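Each reported figure results from applying straightforward, stated rules to the coordinates on display, with no laboratory input. Computed from a predicted structure; not experimentally measured. Here the Cβ is made from the backbone with ideal geometry for all residues, glycine too, and neighbour counts use every protein chain on show.
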Amino acid sequence: MSLDKQDVQKIAHLARLALTEEDASQYQSSLSSVLELVEQMQSVDTDGIEPLSNPLEMTQRLRADEVTEENRREAFLANAPSTEAGLFLVPKVID
Amino acid sequence: MLEQNISSLVQKLRNKEITSVELTQSYLDKIKELNPSLNSYITVRSESALAAAQKADEAIQAGTAGPLAGIPIAHKDLFCTNGIKTTCASKMLNNFIPPYESTVTARLEQAGAIMLGKTNMDEFAMGSSNENSHYGLVKNPWNTDLVPGGSSGGSAVAVAAGMAVATTGTDTGGSIRQPASFCGITGLKPTYGRVSRFGMIAYASSLDQAGPMARSAEDCAHLMNAIAGFDPQDSTSAEVDTQDYLADLNKPLTGLKIGLPKEYFGEGLEQGVADAIREAVKEFEKLGASVIDISLPNLKLSIPAYYVIAPSEASSNLSRFDGVRYGHRCDEPKDLLDMYMRSRAEGFSKEVQKRIMVGTYALSEGYYDAYYLKAQRIRRLIKQDFVNALNEVDVIMGPVAPSTAFAIGSKTDDPVAMYLEDIYTLSVNLAGIPAMSVPAGFSNKMPVGLQIMGNYFAESKLLNIAHQFQQATDWHLQTPSMEKGA
């Protein structure tokens, strides 16, 4: 499986990563070699085999719908790059 | 070399032969001496460590001390520590101060352990050499031209060079076992779900597992007693009773059935490593074990399956780093999309970006079945191999890695060569079983790790087997001379 530069830019866009032209050609070869490695899987017959997502095959545990956390707004805002009036601040989204 | 035997240190602290303040100070001195050359710590917490040691001494005096009271340890910088910078070795989290504490670090603090600091690692736990850290590479104390292994390289070096009694690590594809092997220490990756993932910065959630790294199996058992067990805050925590991991250490190994998978002794295995492992197995025969040749036919498929599943989960987990709530934000973003794209491109290293993109591709529309689901089907085949083998034998043994520690820079240009390093460790994470790395000799003057793999929740048995080996051999007591360069 070999990717062209456009494929790489498309994947980078989906992953929300800004790539320069130079980055894109580097990733073009390194991503292609990883995909070549994982291509080995296609030679294996896995018909009728169920996918395994949790090694212990546990199902998601549910908890009672109760408030268990206290409000720690200030503590969580403290790590944000930009805040105002108790809110996370981001670039203008709607004009 | 400072003493690194927890049982004996606990005894000396209780008998007032030493104080925790003295012990902690001696470790802080060692860090000051060696860390500039080895770079195993990202953060050292001298003041808070000494304050905690003072409290531990008081608790010992008052008779209220926990089982690990006064023992100086360190944590991989991937466990969130309340109020203490936690970077995951990434520029992305260069200024991240968690407002909460991981379960692992909380439980060790509860047990009385003293935290010396946070250890270096491959960024976001992605790597097998600890060369991929925003805070610089870590060097192997046995030979500073060589890598310590990764991703828990800083934790392995801290123990190997005597800069902590024990450390915590995490293992997604070998990240406890391989650096333990390269640095000549003992490490345990527990069963998936045995130790809580709460407060661990996630890499691949269905594979990640925390565990202890220390000089000996007995010391690992001490740490397991503190960290193992159900945690309601981790949605995949196993609701399975824990044991006293020290209780079975002295059981004799008579009648133990060891399986040797032929796939672990094939092409690509360094001769010196193979010889050391064969010698170790002979030692087990002397201790009353019998050896059976077995096969894990799908071993080779663990590499492609892992390098789809882990990056896919990483791509999803690392989407939380968006420059909004925490982490790096680019300068003067012109709009929301620009902020996401530049913040992430600036905050993540190339290796992390590459894995995110592999995962994004594998999960994208039209490819999900061919990559992610296919890898999960193969994952079941790999698990089934282990289940079948462990119906026949009690434990499986083999090397941890195909070679001893390799030269710094020797594999950085060839990602696939680096990925192949993990051939003997990845399958264990895919299956979710527990496994250890135990020092078992030397090849090219560098430590060789024996891997012991067991059944689900058989940590006690693995520790028992490793401990018996360490009663009969002294590989785990060998320490680097630190003459060369460091």
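Overview of results
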{"read-out": "Test: residue in the range B:73-89 that is under 22 Å from A:A75 (Cα atoms), away from chain A (no Cβ under 14 Å) and assigned to a strand (DSSP E or B)", "value": "yes"}
{"read-out": "Residues of the range B:385-438 satisfying the condition of being of a type in the set (S, T, N, Q), in a loop (DSSP other than H, G, I, E, B) and within 14 Å of chain A (Cβ to nearest Cβ)", "value": "B:T412"}
{"read-out": "Qualifying residue in the range A:22-34 (condition: surrounded by 15 or more Cβ atoms within 10 Å (Cβ to Cβ) and under 29 Å from B:P190 (Cα atoms))", "value": "yes"}
{"read-out": "Residue within the range B:387-398 that is buried (at least 24 other Cβ atoms within 10 Å of the Cβ), touching a residue at least 24 places away in the same chain (Cβ under 8 Å) and farther than 24 Å from B:F182 by Cβ present", "value": "no"}
{"read-out": "Matching residues in the range B:277-328 - criterion: being among the aromatic types (F, W, Y), out of contact with any Phe, Trp or Tyr (no Cβ under 8 Å at 6 or more places or on another chain) and away from chain A (no Cβ under 14 Å)", "value": "none"}
{"read-out": "Counted residues, the range B:281-312 - those being over 30 Å from A:V44 (Cβ atoms) and among the basic types (K, R)", "value": "2"}
{"read-out": "Qualifying positions in the range B:1-39 - under 15 Å from B:Q61 (Cα atoms) and part of a loop (DSSP other than H, G, I, E, B)", "value": "B:N15, B:K16, B:E17, B:I18, B:T19"}
{"read-out": "In the range B:152-185, residue surrounded by the most Cβ atoms within 10 Å (Cβ to Cβ) [restricted to those that are hydrophobic (A, V, I, L, M, F, W, C) and in a loop (DSSP other than H, G, I, E, B)]", "value": "B:I176"}
{"read-out": "Odd one out for B:I185 among (1) farther than 23 Å from B:L420 by Cβ; (2) away from chain A (no Cβ under 14 Å); (3) in contact with a Cys (Cβ under 8 Å, 6 or more places away or on another chain)", "value": "(3)"}
{"read-out": "Sole exception among (1) on the phi < 0 side of the Ramachandran plot; (2) touching a His at 6+ places or on another chain (Cβ under 9 Å) for B:A53, by number", "value": "(2)"}
{"read-out": "Residue check, B:A247 away from chain A (no Cβ under 14 Å), under 21 Å from the mean Cα position of the chain (by Cα), of a type in the set (A, V, I, L, M, F, W, C) and more than 30 Å from A:L35 (Cα to Cα)", "value": "no"}
{"read-out": "Residue check for B:D331: more than 9 Å from chain A (Cβ to nearest Cβ) and of a type in the set (D, E)", "value": "yes"}
{"read-out": "Single match in B:A62, B:A74 (criterion: free of Cβ contacts under 8 Å to residues at least 12 places away in the same chain and either of a type in the set (A, V, I, L, M, F, W, C) or surrounded by 23 or more Cβ atoms within 10 Å (Cβ to Cβ) (or both))", "value": "B:A62"}
{"read-out": "Residues (surrounded by fewer than 19 Cβ atoms within 10 Å (Cβ to Cβ), at the interface with chain A (Cβ under 8 Å from one of its Cβ atoms) and within 20 Å of A:D23 (Cβ to Cβ)) located in the range B:346-374", "value": "B:K350, B:S364"}
{"read-out": "Failed condition for B:T43, given (1) of a type in the set (S, T, Y); (2) buried (at least 20 other Cβ atoms within 10 Å of the Cβ); (3) closer than 30 Å to B:G323 by Cβ", "value": "(2)"}
{"read-out": "Residues within the range B:389-413 that are within 13 Å of B:E270 (Cα to Cα) and among the hydroxyl-bearing types (S, T, Y), tallied", "value": "2"}
{"read-out": "Complete set of residues in the range B:324-353 that are part of a loop (DSSP other than H, G, I, E, B) and under 29 Å from the mean Cα position of the chain (by Cα)", "value": "B:R325, B:Y326, B:G327, B:H328, B:F348, B:S349"}
{"read-out": "Elements of type helices (runs of 4 or more DSSP H) in the range A:2-93, at least 2 residues being more than 7 Å from chain B (Cβ to nearest Cβ) and within 22 Å of the chain's Cα centre (by Cα)", "value": "A:5-14, A:21-38"}
{"read-out": "Residues satisfying the stated conditions in the range B:113-151, i.e. crowded, with 24+ Cβ neighbours inside 10 Å and closer than 20 Å to B:A69 by Cα", "value": "B:A113, B:I114, B:L116, B:G117, B:K118"}
{"read-out": "Hey, B:I201 β-branched (V, I, T) and in contact with a Phe, Trp or Tyr (Cβ under 8 Å, 6 or more places away or on another chain) or not", "value": "yes"}
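Yes/no per residue for (1) of a type outside the set (F, W, Y); (2) within 30 Å of B:G347 (Cα to Cα):
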residue	(1), (2)
B:G63	yes, no
B:H75	yes, yes
B:C80	yes, yes
B:Y100	no, yes
B:V104	yes, yes
B:L108	yes, no
B:G112	yes, no
B:M115	yes, yes
